Amino acid sequence: MAAIILDGKKLAARIESSIQEKVSKLQTIVGRAPGLGVILVGDNPASHVYVANKEKFAARCGFKTFDARLSKDASQSEVAAAIQSFNVNKNVDGILLQLPLPAHLNSNALLDLIDPKKDADGLHPVNQGLLMRGEGVLRSCTPLGSMRLIDLALSGKYSGLDNLNYFDLPYVDLSGKNAVVVGRSILVGKPLSLMLLERNATVTIAHSKTPNLEAIASKADILVAAIGKVEILNSSHIKTGAIVVDVGINRTADGKLKGDVNFAEAAGKAGYITPVPGGVGPMTIAMLIENTLRSYQSTNNI
Ligand code: NDP
């Protein structure tokens, strides 16, 4: 069988236009646009590209962005001061501290300073703890974007994707589904496992110490790869008809981007599969913007 491609770029475009429409209505009530505060430290070229893409997405949705650009030598207290100034700025609803930070900075200590209500990336321990309790609204972006792609596959909305109002995309109950997440990082694997569990999937978390990954992965109705190794999963890891979400972004020696899953092999066996690039990546950006919108709505009680 040929898998249906879960097109994250297309879904992100629908999110953009749905949010844009909502923002144009809401800002007449609130009297201002949602605001995203972006802190970028240093000159990591990939981070500059990511930040530019996030700011462009925000601007297209009608958001105002606030920039704090710091040099690669910025001290812990200078970055902390940038976070504090966004925490108290009433026009800033969501704060993005672009990672990775230069090695001399303590990322976790800085993430802890972000007001949890403005934590657009969902990485503050309060929001991670709320996820553990099945509460809270700000969820980390890559796992959340992966979940929404699974929703697209299972909701029956795929065929109408071109005209989808994103806010009509349901949060699908996953009772009876076996989900296997390969990877247990705090950024992706762990929160994604909790999100799948919250939706009633039966969840297995695999990692580098898991023996016989093939036997485990090939029983998954939903298989998520968040490993960071080029095409380490192939058709023998995939159950016929499975939903395969490939979070991995790996740059090969010839400069190409590849996922953790061998796409050509997997696409012959899976029911749905996300491409790399163009799958989870664009959804990660879209979820940052949706989180900021959520904060804006909750601050303004709308
Ligand atoms: P980490 O390196 O933090 O975690 C990788 C996980 O994979 C670990 O839990 C590790 O196990 C596990 N692992 C490593 N090797 C194997 C193996 N051979 N078999 C099974 N499990 C293995 O990476 P991240 O979670 O931060 O990122 C994972 C991938 O997702 C990367 O390619 C990253 O670039 C990409 N990514 C993509 C995003 C997007 O927007 N699309 C956003 C964030 C990340 P152990 O814990 O035992 O070491």
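No lab work stands behind these numbers, since they all come straight from the coordinates. Bear in mind that the values here come from a model prediction, so they are computed numbers and not experimental data. Note that we place each Cβ from the backbone using ideal geometry, even for glycine, and neighbour counts take in every protein chain shown.
The convex hull defined by the C-alpha atoms of the range 188-302 has an orientation-averaged projected area of 8.7 nm².
In this structure, the residue pairs whose Cα-Cα separation is over 28 Å, taken from 9/209; 209/239; 25/117; 10/256; 64/157; 25/190, are 9/209; 64/157; 25/190. Helical content of the chain, expressed as a calculated mean residue ellipticity at 222 nm, amounts to -12000 deg cm²/dmol (DSSP H runs of 4 or more residues, -39,500 (n - 2.57) each, divided by residue number, nearest 500). In the range 74-134, which trypsin sites (Lys or Arg not before Pro) are in a loop and have at most 14 other Cβ atoms within 10 Å, using DSSP for the loop call? Those that pass, being in a loop and sparsely packed, are 90, 133. Overall shape: oblate for the range 44-115, with the ratio a/c of the largest to smallest alpha carbon gyration tensor axis at 1.5 or above and b/c at least equal to a/b. Under the rule a/c < 1.5 gives rounded, and otherwise a/b versus b/c splits prolate from oblate, where does the range 153-205 land using the Cα gyration tensor? Taking the square roots of the gyration eigenvalues as a ≥ b ≥ c, the range 153-205 is prolate.
What fraction of the Cα pairs in the range 61-172, stated in percent, has a spacing above 18 angstrom? That tail contains 60 percent of the Cα-Cα pairs. Rg and Dmax of the range 122-248, based on Cα coordinates, read 14.5, 44 Å.
When peptides 266-275, 152-161, 250-259 are ranked by their average number of other Cβ atoms within 10 Å per residue, the highest-first order is 266-275, 152-161, 250-259. Rounded to the nearest 5, what % of the DSSP beta bridges within the chain are antiparallel ones? Rounded to the nearest five, the antiparallel share is 5 percent. Nearest 10 degrees is fine. How inclined is helix 45-60 to the longest principal axis of the chain, computing both from alpha carbons? Its long axis makes an angle of about 80 degrees.
So, in Å, what gap is there between the alpha-carbon centers of the range 190-237 and the range 91-169? Centre-to-centre (Cα) distance: 20 Å.
Computed from Cα atoms, the angle from the helix 280-299 axis to the main principal axis of the chain rounds to 40 degrees. Judged by the gyration tensor of its Cα atoms, with axes a ≥ b ≥ c, the range 1-123 is oblate; a/c meets the 1.5 cut and b/c is at least as large as a/b. Taking one quarter of the surface of the convex hull spanned by the alpha-carbon atoms of the chain gives a direction-averaged projected area of 15.4 nm². The trypsin sites (Lys or Arg not before Pro) found in the range 14-84 that occupy coil by DSSP, while having at most 14 further C-beta atoms within 10 Å, are 32, 72.
For the range 19-27, 3J(HN,Hα) computed residue by residue from phi via the Karplus equation (6.51, -1.76, 1.60; θ = phi - 60°) reads 5, 4, 4, 5, 5, 5, 6, 5, 6 Hz, glycine and proline entered as x.
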